[in-house]
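**Q** Questions regarding the structure given below will be posed in turn.
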There are 2 protein chains.
Amino acid sequence: MTLYVNLAELLGARIEQGLYRPGDRLPSVRALSLEHGVSLSTVQQAYRHLEDQGLATPKPKSGYFVPQARQQPALPMVSRAAQRPVDISQWDQVLELISRPPGGDVLQLGRGMPDISSPALKPLLRTLSRMSRRQAVKELSYGSLYGDPGLRAQLSRLMLDSGCQIAIEEIVTTTGCHEALSVAIRAVCEPGDIVAVDSPSFHGVMQALKGYGMKALELPTDPLTGISLEALELALEQWPIKAIQLTPNCNNPLGYIMPEANKRALLALAQRYDVAIIEDDVYGELAYSYPRPRSIKSFDEDGRVLFCSSFSKTLAPGLRAGWIAPGRYLQQVLHLKYMSTGMAAQLPQLALAEFIASGHYEPHLRRMRSQYARNRDCMIDWVSRYFPAGTRVSRPQGGFMLWLELPQGFDSQRLNRVLQPHNIQIAPGSIFSAAGKYRNCLRINYASQPSPALEQAICQVGECVAALLAEQQLVHNSAEGAVTP
Amino acid sequence: MTLYVNLAELLGARIEQGLYRPGDRLPSVRALSLEHGVSLSTVQQAYRHLEDQGLATPKPKSGYFVPQARQQPALPMVSRAAQRPVDISQWDQVLELISRPPGGDVLQLGRGMPDISSPALKPLLRTLSRMSRRQAVKELSYGSLYGDPGLRAQLSRLMLDSGCQIAIEEIVTTTGCHEALSVAIRAVCEPGDIVAVDSPSFHGVMQALKGYGMKALELPTDPLTGISLEALELALEQWPIKAIQLTPNCNNPLGYIMPEANKRALLALAQRYDVAIIEDDVYGELAYSYPRPRSIKSFDEDGRVLFCSSFSKTLAPGLRAGWIAPGRYLQQVLHLKYMSTGMAAQLPQLALAEFIASGHYEPHLRRMRSQYARNRDCMIDWVSRYFPAGTRVSRPQGGFMLWLELPQGFDSQRLNRVLQPHNIQIAPGSIFSAAGKYRNCLRINYASQPSPALEQAICQVGECVAALLAEQQLVHNSAEGAVTP
């Protein structure tokens, strides 16, 4: 781990734990440099990192301070997942969520759509348009089974940002991250096999596990640091687990970034028990801190990590442009991709290659990262204001999804039905669990720029939640509902 | 079956059987009308149908004649497939065929590429270009799981041409026909199940069967009429077959169109033994005769036919725009599609919807049909001229693929290696068989407009074939090598 990230994580943990309180002055740069035996510039980098995360504020000539407390709502509780592998259900609710195309009258707060109205997308659209006019063999014909070489060269370069040195030959493009995850699962597992997953977890992977006849073992997951390594180790002892599937960076739906030490420890466990890791990095480039967090793949030495990603969250899902770096499973992945779609659409691959090569991707990412970080603060404010007191809220470090937890007994599927006449849709928590847990939770999207209409919609959702709680006479347990500093 | 098609098939069979010889005058319109109790216009339609197929020539004021024999090479023999289900092999050779992107120095006669240089594609490219410039929600976001409603409306209309009345709600778009076939197989079969296939058969389906752990039962297939119904019935008696997968229209690689009576009989068998039919129609719209042949799906009454197709052969494979009409398996197909890719790229779907709606698709099809029909005649001429005497050649009724059969013992994989220094690639026959049969056969593509360079390449392939035959002292059995009238 880089020194400054190490130090920043240490300080961040102390702040989160309340060792330093809002308004407190943080140790001086010189003091930290002496205490940890690192250079002054390393400490300065660490503080800038904390600043990006909103955990430290510089005051001219006085040093760094813990920001004055905005009343932060309590975090969701660490999930207590079922301690045995289960078959996956919940397809009906997933279908309900995704069967309606976007763009109608309904405000789809439940979907994983990025903001596609950004002007930074224009160069990509111009490239697509220009390439469409050419009647070139490359755009219209079958490409290589591996995918377009130009795009794969750019992907190899981009992956350096997450610490990965991956050759072009080790990358295969796919029809979205969806196909990448789907072939990854089959490359590693047979029907009947057990896959350990973070919990709550992405419903696309769960449904793939369901369809291929595999079982999911949901592991307790901390809303700030991710999957519990203790629970994982116990599970590896107890069950013949074939793979660990998780989203360590800007997790969907919880938004955390797994600390680097945990990533390394998880990989060590995987090595010890000889299981594969399927890493979903689709939100990784939308981390609010810079540089972006490292992937588990970046520590992989024996090719057991299958790294899956796409441009669906960073640019636009309609492109269906994803990729996989499958390590030692390359040959299986090629065959599985050929079976599943043969190859991905050519035009988006060619246009993306040019868009990235001509330097348009990085500025776009910077813009979206800071937009989503601002939107997060705004959305958390709104939820604090309009939702019943005691609503627990995630604190995302990237991406554009917020996870809300209401008292046990609350039914977010019922909430969706109540919201229907208001033309608002949320994602019910139960689709993020193999066994249908998290009915008392919901996920909402904050990608779009805040607007009075959006604020009113959140207010509306809050009122409906309050009405349902009152009807069921549900309240937060006061201990559970405590507000963190 | 329409009366005139019935009559045309009857006459066609008599001509093929040699009952009427080249140069013979065919029965008059009046005589046939009396003989079969049909109207004069029905007979005239039947003759126009035969004319389209090159089986009858009109002479002004004298009626219809059997065309003067061009020396037609003998047809490939009816395949004698293994009479038991087998695991599928041959992935290495498929990979060799498809791993190289088109457009390089190598003349890829082995690939299933249509001619994408046609000016009739221009309106599609203009539409794609115009739509790319818009920053519209529809182009960039997730679409419906079913696919774009506008495109599905056009597909519903197009399917009328093959006799299908399919509602929009029964159509799901896919990433190419590849994904359609892949989800169809899994919607119907479990690992270990047996699927009956025509033989030779499309390698994409074989590899999917392999990947999902299913077994292929290859059935004897006639180069003019398709899968043997007798053999199929015996197999259905003997084995617990779950599905029949075939390409009845403009078969790949043999090019035949299965007679309507056979299609009905096959469906009746499927009903009697309660098995599903997976119908690949990807070349169906490229039948040289007009109107295009009916699909098996068009006779389907209880939703047991899963109809799969795409625009990869009619327009361009790089679009990856396919679809499936899965009958009673709709719910399974939706789940499987969600598992496999989530959804297909939006832009090609939207552009295609507009391209078809504005009337550009039909003229394009007409143009390609007649181009491919002319190319077929030219390619068969070249093969007759440049290949060793006795080479058996298919007589495609649509599409752009020719199947060549050489004496037993000939090795088309070796031919490919010999052709390498000449920068020519053919498709070895063995990849069209689950068990690696047809090593003595090869498939070549005649989509491109004939040119002196292409003629020279065919001449080159013929010379290499002759050299290999001489080296191995292989000759055609004189009885087998007989030339048909």
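**Q** What does the net charge come to around A:Arg111 if you take all other residues with beta carbon closer than 12 Å to its beta carbon, with K and R at +1 and D and E at -1?
**A** Combined, the nearby Lys, Arg, Asp and Glu give +2.
**Q** Ok, one more. Distance from the Cα centre of the range A:1-72 to that of the range B:1-73, in angstrom?
**A** Answer, in whole Å: 91.
**Q** Take peptide A:328-337, look around each residue's Cβ out to 10 angstrom, count Cβ atoms belonging to other protein chains, and average those counts.
**A** 2
**Q** Given label points at 7 Å from Cα along Cα→Cβ, what nm distances, shortest first, separate A:Thr2 from the same residue in every other copy?
**A** 7.0
**Q** For chain A, what does the relative contact order come out to in percent, with C-alpha contacts under 8 Å and a separation of six or more? Before the final figure, lay out the partial values.
**A** Details: 935 pairs, mean separation 104.3, N = 485.
Once normalised by length, the contact order is 21 percent.
**Q** Could you tell me which of B:Gln371, B:Leu419, B:Asn440 has its Cα farthest along the dipole of the range B:363-481 towards the positive end, charges placed at Cβ (Lys, Arg +1; Asp, Glu -1), taken about the Cα centre?
**A** The residue sitting most towards the positive pole is B:Gln371.
**Q** Would you mind checking the pairs B:Lys242/B:Lys263; A:Lys337/B:Lys437; A:Lys210/B:Lys297; A:Lys122/A:Lys313; B:Lys215/B:Lys263 and listing those with alpha carbons more than 20 angstrom apart?
**A** Violating the 20 Å limit, Cα to Cα: A:Lys337/B:Lys437; A:Lys210/B:Lys297; B:Lys215/B:Lys263.
**Q** State which helices in chain A qualify, where a helix is a whole DSSP H run, it must extend 27 Å or more along its own axis by its Cα atoms, and its mean Kyte-Doolittle hydropathy must be at least 0.0.
**A** Details: long enough: A:361-386 (36 Å, -1.35); A:452-472 (30 Å, 0.73).
Counting only whole DSSP H runs, the qualifying helices are A:452-472.
**Q** For chains A and B, what's the summed buried accessible area, probe 1.4 Å, to the nearest 100 square angstrom?
**A** 5400 Å²
**Q** Let me ask you something else. Can you tell me which of A:398-406, B:216-224, B:238-246 comes out highest on packing, and rank the rest after it, using the mean Cβ neighbours within 10 Å?
**A** Peptide ranking by packing, descending: A:398-406, B:216-224, B:238-246.
**Q** From a point 7 Å beyond the Cα of A:Glu463 in the direction of its Cβ, which residues of the range A:415-446 have a backbone N at a distance under 14 Å?
**A** Residues passing the 14 Å test: A:419-424.
**Q** Would you mind calculating the relative contact order of the range A:235-338 from Cα pairs under 8 angstrom and at least 6 residues apart, reporting the percent as a whole number?
**A** 22 percent
**Q** Using a 1.4 Å probe over the heavy atoms of the protein chains, calculate the carbon and sulfur portion of the accessible area of the protein assembly as shown as a whole percent.
**A** 51 percent
**Q** Right, next: Just to be sure I understand the model, the point goes 7 Å from the Cα along the line to the Cβ. What's the resulting B:Ala265 to A:Glu169 distance in nm?
**A** It works out to 5.3 nm between the two label points.
**Q** Follow-up. Rounded to the nearest Å, what's the spacing between the alpha carbon centres of the range B:115-131 and the range B:350-403? Just the number, please.
**A** 20 Å
**Q** Under 16 Å from a point 7 Å along the Cα-to-Cβ line of B:Leu234: which residues of the range B:181-195 have their amide N that close?
**A** Of the residues in the range B:181-195, none has backbone N under 16 Å from the label point off B:Leu234.
**Q** A follow-up question, please. Please give the calculated 222 nm ellipticity per residue for chain A, where each DSSP H segment of at least 4 residues contributes -39500 (n - 2.57) and the sum is spread over every residue; nearest 500 deg cm²/dmol?
**A** -12500 deg cm²/dmol
**Q** Antiparallel as a % of all DSSP beta bridges within the protein assembly as shown, to the nearest 5?
**A** Details: 50 of 88 bridges.
So the antiparallel bridges in the protein assembly as shown amount to around 55 percent.
**Q** Net charge near B:Phe311: determine it from the other residues with C-beta under 10 Å of the C-beta of B:Phe311, scoring Lys and Arg +1 and Asp and Glu -1.
**A** Taking every Cβ under 10 Å from that of B:Phe311, the sum is +1.
**Q** If you average the C-alpha positions of the range B:326-343 and of the range A:180-215 separately, how far apart do those two centres end up, in angstrom?
**A** Comparing the Cα centres of the range B:326-343 and the range A:180-215, I get a distance of 17 Å.
**Q** Here's another thing I want to ask about it. What average number of partner chain Cβ atoms lie no more than 10 Å from the Cβ of the residues making up A:314-324?
**A** Whole-number average of other-chain Cβ neighbours for A:314-324 is 5.
**Q** Take every Cα pair under 8 Å in the range A:3-66 that's 6+ residues apart, average their separations, divide by the length, and report that relative contact order as a whole percent.
**A** Values: 65 pairs, mean separation 27.1, N = 64.
Relative CO of the range A:3-66 lands at 42 percent.
**Q** Roughly how crowded by other chains is peptide B:137-150, in terms of the mean Cβ count from those chains within 10 Å of each of its Cβ atoms? Numbers along the way, then the final one.
**A** Numbers: counts 9, 4, 6, 14, 12, 15, 7, 5, 7, 2, 1, 1, 1, 0.
That average works out to 6.
**Q** Could you do me a favour and compute the accessible area per residue for the range B:242-387, 1.4 Å probe, result in Å²?
**A** Result: 25 Å² of accessible area for each residue.
**Q** Take peptides A:5-15, B:254-264 and line them up by average Cβ neighbours within 10 Å, highest first, as a rough protection proxy. List each step's numbers first, then the result.
**A** Working: A:5-15: 18.9, B:254-264: 22.2.
Highest mean packing first, the order is B:254-264, A:5-15.
**Q** Set the Förster radius R0 to 25 Å, insert the Cβ-Cβ distance between A:Arg157 and A:Thr2 as r into 1/(1 + (r/R0)^6), and round the FRET efficiency to 0.05.
**A** Values: r = 20 Å, r/R0 = 0.79.
Rounded to the nearest 0.05, the efficiency is 0.80.
**Q** Report the net charge of residues surrounding B:Ser62, where surrounding means a beta-carbon distance below 14 angstrom and charges are Lys +1, Arg +1, Asp -1, Glu -1.
**A** Surrounding charge for B:Ser62 is +3.
**Q** Now a separate question. Would you please state which residues of the range A:220-263 a label at A:Gln83 would reach in this model, taking the label point 7 Å out along Cα→Cβ and a backbone N cut-off of under 18 Å?
**A** Correct set: A:220-222, A:228-241.
**Q** Express in Å², to the nearest 10, the accessible area of A:Glu190 obtained by rolling a 1.4 Å probe over the protein heavy atoms while all chains stay in place.
**A** Roll a 1.4 Å probe over it and A:Glu190 shows about 110 Å².
The values are calculated or read from the model by the stated rules, or taken from the named source; none is laboratory data. Keep in mind it's a predicted model, so treat the numbers as computed, not measured. So basically every Cβ, Gly included, is an ideal-geometry build from the backbone, and we count neighbours across all protein chains shown. For the accessible areas, the whole protein counts, side chains as well, though only heavy atoms, and no ligand, DNA or RNA atoms are used. Shrake-Rupley method; radii C 1.70, N 1.55, O 1.52, S 1.80 Å.
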